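This report refers to the structure that appears directly beneath it.
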Amino acid sequence: MNYNTILNEASNLLNISNIKNPRLDTELLLSNSLNISRENLLLNLNKKIKPKQYIRFIKLLEKRKKRMPMAYIVGYKEFWKTKFFINNSVLIPRPETELIVEEALNYLSNNKEKKIIDIGTGSGCIIISILKESTRSKGVALDISKNAIKIAKINAKLQQVDNRIKFINSDVDKYNHDKYDLVVSNPPYIKKIVISRLEEDVKDFEPNLALDGGNNGYLELEKVIVNSANILKKNGIFIFEIGEGQIHHVSRILLENGFYINKISKDLSKRPRCVVSTKY
C-alpha cells in the first residue's frame, strides 16, 4: 500500500470520527511513523510503506480517533520559533500564549540583564522562548507539578538555556525568595463548571491542574496577581494571560494590588487575552 492510499483511507476514518483537520492530522501521523518530514512525505506519495511502519501508524491513528491531541501523540508542539517536547503532564502551548512572549521581548528589547520568573511554567515554553532571545537575562521556572518541572527541564536543555534557568517545584503562595524585573504567567482561568463542556481533546487529556481556575475562574489568577506584587521590583513588569470576559475583574484586582495597566493585547478573535502591567 502506498502513502497516498493510506492518507486517503485514514483521513476518511478521522473525518467519520468528527476529527477537525483530518487530512493534516493524517499526514502528520504518517510522517511521524515514517520518521520523515511532512514535506518529504508529500513528495513521495507513490512510495510503499513497510509493515512495521504501517503497524506504528495504525496505533497512532487509533489514538487520534479517540480524540487524543496531536501534540501528545507526536510528542511535540510548535510554539514561537521552535518545537517543544510535550506529554500529558503539561498544557499544550497555544498560539495566543505567544502574545506573552511578544510583549516580554518588547520590554526586554535593549537586551540588558533582567531577572524573570514564569509562574506555572508547564512545558517551559514561555520562559524558554524569552531567554533564547533575551540572551543576558536569567530566569526561574516555577510550577506546583513535579512532572511539569521535569518536562520544562528537558525543553530547557534541548534549547540550550538550562544554564540560565532555575527550576522550582512549588505553589506560588509558598515562594517569596527574591525580587524580579519581570513576571510572566499563563495561569488556569477556566471556570470549574465549564471544563466538563470543553472539547474532548481538552477535557479528557490535558491536565486539570492547568485548566481549573476554580468556581469563578479567578482563583489562580488572583493568587498570581497578589504574589506577583510581592516578588516584583518597583516598576517591574507583570505580563499574563486571561480568559474571555475576565478583563474588568482582573483590572480591579490589579489596581487593588498596586499595578497599573500598560496594555491589553487581543488574540486573533479580537478578545482581550494578554495583560501588560507595571507595579508602582
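Some observations on this one:
- Of all residues in segment 12-25 being in a helix (DSSP H, G or I) and under 27 Å from the mean Cα position of the chain (by Cα), the one that is nearest to ALA71 (Cα to Cα): ASP25
- Criterion: of a type in the set (A, V, I, L, M, F, W, C) and free of Cβ contacts under 8 Å to residues at least 24 places away in the same chain - qualifying residue of ILE239, ILE253, ILE261: ILE261
- Residue within segment 83-95 that is touching a strand residue (DSSP E or B) at 6+ places or on another chain (Cβ under 9 Å) and of a type in the set (S, T, N, Q) present: no
- Meets criteria (touching a residue at least 12 places away in the same chain (Cβ under 8 Å), of a type in the set (Lys, Arg) and touching a Gly at 6+ places or on another chain (Cβ under 6 Å)) for LYS191: yes
- Residue within segment 201-218 that is in the same structural domain as ILE126 (by TED's automatic domain parsing), under 18 Å from ILE117 (Cα atoms) and not in a loop (DSSP other than H, G, I, E, B) present: yes
- Boolean, GLU102 is part of a helix (DSSP H, G or I) and either under 22 Å from ALA152 (Cβ atoms) or among the small types (Gly, Ala, Ser) (or both): yes
- Residue in segment 67-87 that is over 25 Å from PHE238 (Cα atoms), assigned to a loop (DSSP other than H, G, I, E, B), in contact with an Asp or Glu (Cβ under 9 Å, 6 or more places away or on another chain) and among the polar types (S, T, N, Q) present: no
- Odd one out for ASP118 among (1) buried (at least 22 other Cβ atoms within 10 Å of the Cβ); (2) more than 18 Å from ASN169 (Cβ to Cβ); (3) of a type in the set (Asp, Glu): (2)
- Selection status of GLU256, of a type in the set (D, E, K, R), assigned by TED's automatic domain parsing to the domain that holds LYS174 and under 21 Å from the mean Cα position of the chain (by Cα): no
- Just one of the listed residues (ILE100, ILE58, ILE49, ILE36) is in contact with a Phe, Trp or Tyr (Cβ under 8 Å, 6 or more places away or on another chain), over 19 Å from GLU200 (Cα atoms) and outside the structural domain of GLY236 (by TED's automatic domain parsing), namely ILE49.
- Set side by side, the residues VAL194, VAL226 differ, and just one is in contact with a helix residue (DSSP H, G or I) (Cβ under 9 Å, 6 or more places away or on another chain) and either loosely packed, with under 13 Cβ neighbours inside 10 Å or of a type in the set (Val, Ile, Thr) (or both), which is VAL226.
- In segment 74-107, the residues that are buried (at least 18 other Cβ atoms within 10 Å of the Cβ) and polar (S, T, N, Q): SER89, THR97
- Screening the candidates LYS157, LYS150, LYS174 for the property of being free of Cβ contacts under 8 Å to residues at least 12 places away in the same chain and either outside the structural domain of SER265 (by TED's automatic domain parsing) or under 18 Å from the mean Cα position of the chain (by Cα) (or both) yields one hit, LYS157.
- On inspection, ILE116 fails the criterion of being of a type outside the set (S, T, N, Q), in the same structural domain as VAL184 (by TED's automatic domain parsing), under 20 Å from GLU241 (Cβ atoms) and in contact with a helix residue (DSSP H, G or I) (Cβ under 6 Å, 6 or more places away or on another chain).
- In the set (1) more than 30 Å from LYS263 (Cα to Cα); (2) out of contact with any Lys or Arg (no Cβ under 9 Å at 6 or more places or on another chain); (3) not assigned by TED's automatic domain parsing to the domain that holds GLY213, ASN87 fails one condition alone, (3).
- When residues of segment 40-59 are limited to those that are of a type outside the set (A, V, I, L, M) and touching a residue at least 24 places away in the same chain (Cβ under 8 Å), the one surrounded by the fewest Cβ atoms within 10 Å (Cβ to Cβ): ASN46
The values are calculated or read from the model by the stated rules, or taken from the named source; none is laboratory data. In this text, all values refer to a predicted model and were calculated from it rather than measured experimentally. Glycine gets a Cβ as well: all are built from the backbone with ideal geometry, and neighbour counts include every protein chain shown.
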